[in-house]
Amino acid sequence: MNHISRSALESSQASSALNPTPIVFVVDDDVSIRESLEGLIRSAGWRVLTFASAGEFLSLPRAECASCLILDVTLPDLTGLELQALVAAERSDMPIIFITGYNDVRMTVQAMKAGAVEFLTKPFSREVLLNALGDAINQSQARLGQEAHLTVLRERYATLSNRERQVLNLVVRGRLNKQVGGELGISEITVKAHRGSVMRKMRARSLADLVRFADSIGADSTSDSLTARSP
């Protein structure tokens, strides 16, 4: 890389988990644009890494903190739209702000439909870009929060026994304890015991909580087949 060393990239990535400051990635083959954006972004209090091509950016592991990508439409390897598709598939928590020197309505519409936060035509004002960056970082933080919440729920679900999962799946589908017992071949008292254990392990304060949790992680899916009447 001709504008940022590999050691600098690795150092930045290694510190991401300890440094909650959001990071802005800039991919633009114009060195003057990169340098200008780098100064502006740093002055706003965010970290920044710049790249001259899509390939350089893609060689960097996924950021472990809130982030966004400022992306030029025209790049020497992939197009900005092609890179957008890759980012959407692999780094969904990283919103994209497009910048371009051409006012192309068709491309703008395509990028926005694919999830871009903003599509800016050069030259653009400092305020417009900073506002777009603020929106993008907020979106990234929200998405990371959702992912973290789902990870916790999946970890809790993993602690359930097979029988507890069966009880959960039936309860969140609206079955009464007596009905659950009938389907699983166990007593209503045993169902209540399993149900209480599920509530504790999932840290659900109510049935409504449990239903939301199960829905979030797909725990009420029929893929968790019921091995009825097993001990």
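The values are calculated or read from the model by the stated rules, or taken from the named source; none is laboratory data. Since we're looking at a predicted model, the values are computed, not measured. With ideal geometry, Cβ positions are generated from the backbone for all residues, glycine too; neighbour counts draw on all protein chains shown.
At-a-glance table
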{"quantity": "Any chance S92 is touching a strand residue (DSSP E or B) at 6+ places or on another chain (Cβ under 7 Å), of a type in the set (G, A, S) and either modelled with pLDDT of 85 or more or surrounded by fewer than 17 Cβ atoms within 10 Å (Cβ to Cβ) (or both)", "calculated": "no"}
{"quantity": "Of all residues making up the stretch 59-89, the number that are in contact with a Lys or Arg (Cβ under 7 Å, 6 or more places away or on another chain) and either at pLDDT 85 or above or assigned to a strand (DSSP E or B) (or both)", "calculated": "0"}
{"quantity": "Residue in the stretch 201-219 that is surrounded by the most Cβ atoms within 10 Å (Cβ to Cβ), counting only those that are among the small types (G, A, S) and in a helix (DSSP H, G or I)", "calculated": "A214"}
{"quantity": "Condition met for T108 (of a type in the set (S, T, N, Q) and assigned to a loop (DSSP other than H, G, I, E, B))", "calculated": "no"}
{"quantity": "Tally of residues being among the polar types (S, T, N, Q) and closer than 19 Å to F98 by Cα across the stretch 108-159", "calculated": "8"}
{"quantity": "Answer residue from the stretch 57-79, given it is touching a residue at least 40 places away in the same chain (Cβ under 8 Å) and within 19 Å of L129 (Cα to Cα) and is surrounded by the fewest Cβ atoms within 10 Å (Cβ to Cβ) among those", "calculated": "T74"}
{"quantity": "Which listed residue, of V171, V167, V198, V191, is buried (at least 20 other Cβ atoms within 10 Å of the Cβ) and touching a Leu at 6+ places or on another chain (Cβ under 6 Å)", "calculated": "V198"}
{"quantity": "Residues of the stretch 174-188 that turn out to be surrounded by fewer than 18 Cβ atoms within 10 Å (Cβ to Cβ) and either of a type in the set (A, V, I, L, M, F, W, C) or in the same structural domain as E90 (by TED's automatic domain parsing) (or both), as a count", "calculated": "1"}
{"quantity": "Subset of the stretch 38-54 [without any contact (Cβ under 8 Å) to a residue 60 or more places away in the chain, surrounded by 15 or more Cβ atoms within 10 Å (Cβ to Cβ) and not charged (D, E, K, R)]", "calculated": "V48, L49, T50, F51, A52, S53, A54"}
